[in-house]
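Written out below as structure tokens is the structure these notes cover.
The values are calculated or read from the model by the stated rules, or taken from the named source; none is laboratory data. The model shown is predicted, which means the values in this text are computed figures rather than measured ones. Because the Cβ atoms are built from the backbone with ideal geometry, glycine has one as well, and the counts that use them run over all protein chains shown.
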Amino acid sequence: MKFIVAIDGPAAAGKGTIAKAVAKYFKFPHLDTGLLYRGVGKKALAYSRTSYYPEIAKQLALDLKPVDLEANDLRTPEVAKAASKIAVIPEVREVLLDFQRNFANQEGGAVLDGRDIGTVICPYAHVKLFITASAEIRAIRRYEELKNNGLEISFENVMRDVVSRDKRDQERNASPLIIADDAYEIDTSSLSANDAVGVAIDHINEKFKNL
Ligand code: CDP
């Protein structure tokens, strides 16, 4: 059986939390596609100012290895910003496409979260969720998360990073962040993580029933 759950949304909306919980509940493997872009972004930071030239960025993406995705410093704001800068480059997105599609199409089902899963990677996904929350709530959540991970950062900087990354993700030409016509939107602004997961699971179960 193939059953694809595509989860998209802006920065720090709770996609990861929902994707992980849904994957656990349905016993599907989960791919956080943001990690792929963060992995290439980290390489770009370490390389040079020419990292954002398409041919060089493409090579950095080709060089990405599974072990790169296990680094414990991929969640920093610096890497997130670099990720969003390499994510505008079509050559980079092209390199990462097959891996994501193959993951999605494995037997037994799959959950993928990112920005373009329901629109470009898996337009034929069985379920598409679009997770949102107000920019302020998202920045508060990300600020708490970074603080808990020991990062010293001001709330104002987190807010600025989240807003500028969203803008770059929404305005790029290659696979911009947009809601798919057939996506089910969940605004998590006033939901607890548990409640948001519950809404997602109920919706997926409905889709299952109507298969
Ligand atoms: O966790 P958060 O929502 O802040 O970010 P992420 O999902 O880890 O993604 C980091 C960056 O990678 C995003 O801001 C996008 O620029 C890029 N990305 C993308 O372009 N397409 C995806 N499918 C996933 C991430």
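Considering the range 119-211, the qualifying helices (runs of 4 or more DSSP H), each wholly inside and each with 2 or more residues that are under 17 Å from Ala83 (Cβ atoms) and of a type outside the set (Val, Ile, Thr), run over 135-148, 155-171. Consider the range 1-35 and keep the residues that are part of a helix (DSSP H, G or I) and either at pLDDT below 95 or among the basic types (Lys, Arg) (or both). The one that is surrounded by the most Cβ atoms within 10 Å (Cβ to Cβ) is Lys15. Taken residue by residue, the range 42-64 has at least one member that is farther than 30 Å from Asn194 by Cβ, under 17 Å from the mean Cα position of the chain (by Cα) and assigned to a helix (DSSP H, G or I). Every test in (1) within 15 Å of the ligand (Cβ to nearest atom); (2) touching a residue at least 60 places away in the same chain (Cβ under 8 Å) is passed by Leu211 save one, and that test is (1).
If I ask for residues that are on the phi > 0 side of the Ramachandran plot and in contact with a helix residue (DSSP H, G or I) (Cβ under 9 Å, 6 or more places away or on another chain), which ones from the range 88-113 would you list?
Residues of the range 88-113 that are on the phi > 0 side of the Ramachandran plot, as a first pass: 108-109.
Answer for the range 88-113, where residues must be on the phi > 0 side of the Ramachandran plot and in contact with a helix residue (DSSP H, G or I) (Cβ under 9 Å, 6 or more places away or on another chain): just Gly109.
Tell me which residues, restricted to the range 134-148, are within 11 Å of the ligand (Cβ to nearest atom) and touching a helix residue (DSSP H, G or I) at 6+ places or on another chain (Cβ under 8 Å).
Here is the first cut: in the range 134-148, the residues within 11 Å of the ligand (Cβ to nearest atom) are 138-139, 141-142, 145-146.
Passing the criteria: Arg138, Ala139, Arg142, Leu146.
Evaluation of Lys65 against the conditions (1) more than 14 Å from the ligand (Cβ to nearest atom); (2) in contact with a helix residue (DSSP H, G or I) (Cβ under 6 Å, 6 or more places away or on another chain) shows that the sole unmet condition is (2).
Would you check which residues across the range 36-60 are of a type in the set (A, V, I, L, M, F, W, C), within 16 Å of the ligand (Cβ to nearest atom) and surrounded by fewer than 20 Cβ atoms within 10 Å (Cβ to Cβ) and list them? The one that is of a type in the set (A, V, I, L, M, F, W, C), within 16 Å of the ligand (Cβ to nearest atom) and surrounded by fewer than 20 Cβ atoms within 10 Å (Cβ to Cβ): Leu45.
Taken as a whole, the structure places Val88 among residues that are surrounded by fewer than 22 Cβ atoms within 10 Å (Cβ to Cβ), of a type in the set (Val, Ile, Thr) and within 13 Å of the ligand (Cβ to nearest atom).
What is the number of the single condition among (1) over 25 Å from Asn173 (Cβ atoms); (2) of a type outside the set (Val, Ile, Thr); (3) in contact with a helix residue (DSSP H, G or I) (Cβ under 9 Å, 6 or more places away or on another chain) that Lys27 does not meet? For Lys27, the failing item is (3).
Say whether the condition of being touching a Phe, Trp or Tyr at 6+ places or on another chain (Cβ under 9 Å) and within 13 Å of the ligand (Cβ to nearest atom) is met by at least one residue in the range 19-27.
Taking the range 19-27 first, the residues touching a Phe, Trp or Tyr at 6+ places or on another chain (Cβ under 9 Å) are 22, 26.
In the following step, the residues that additionally are within 13 Å of the ligand (Cβ to nearest atom) were identified as none.
No, there is no match, as no residue in the range 19-27 is touching a Phe, Trp or Tyr at 6+ places or on another chain (Cβ under 9 Å) and within 13 Å of the ligand (Cβ to nearest atom).
Scan the range 95-107 and tell me whether some residue there is surrounded by 17 or more Cβ atoms within 10 Å (Cβ to Cβ), within 13 Å of the ligand (Cβ to nearest atom) and assigned to a loop (DSSP other than H, G, I, E, B).
At the first step, the residues of the range 95-107 found to be surrounded by 17 or more Cβ atoms within 10 Å (Cβ to Cβ) are 95-96, 100, 103-104.
Then keep just the ones that are within 13 Å of the ligand (Cβ to nearest atom); that gives 95-96, 100, 103-104.
Restricting the remaining residues to those that are assigned to a loop (DSSP other than H, G, I, E, B) gives none.
No, the range 95-107 contains no residue that is surrounded by 17 or more Cβ atoms within 10 Å (Cβ to Cβ), within 13 Å of the ligand (Cβ to nearest atom) and assigned to a loop (DSSP other than H, G, I, E, B).
Can you tell which of Ser154, Ser175, Ser190 is out of contact with any Asp or Glu (no Cβ under 9 Å at 6 or more places or on another chain) and either surrounded by 14 or more Cβ atoms within 10 Å (Cβ to Cβ) or farther than 22 Å from Leu74 by Cβ (or both)? Reasoning before the result, please.
Values: Ser154 fails: either surrounded by 14 or more Cβ atoms within 10 Å (Cβ to Cβ) or farther than 22 Å from Leu74 by Cβ (or both); Ser175 fails: out of contact with any Asp or Glu (no Cβ under 9 Å at 6 or more places or on another chain).
From the options Ser154, Ser175, Ser190, the qualifying one is Ser190.
The listed residues are Lys43, Lys58, and the only one of them that is closer than 26 Å to Gly14 by Cα and modelled with pLDDT of 95 or more turns out to be Lys43.
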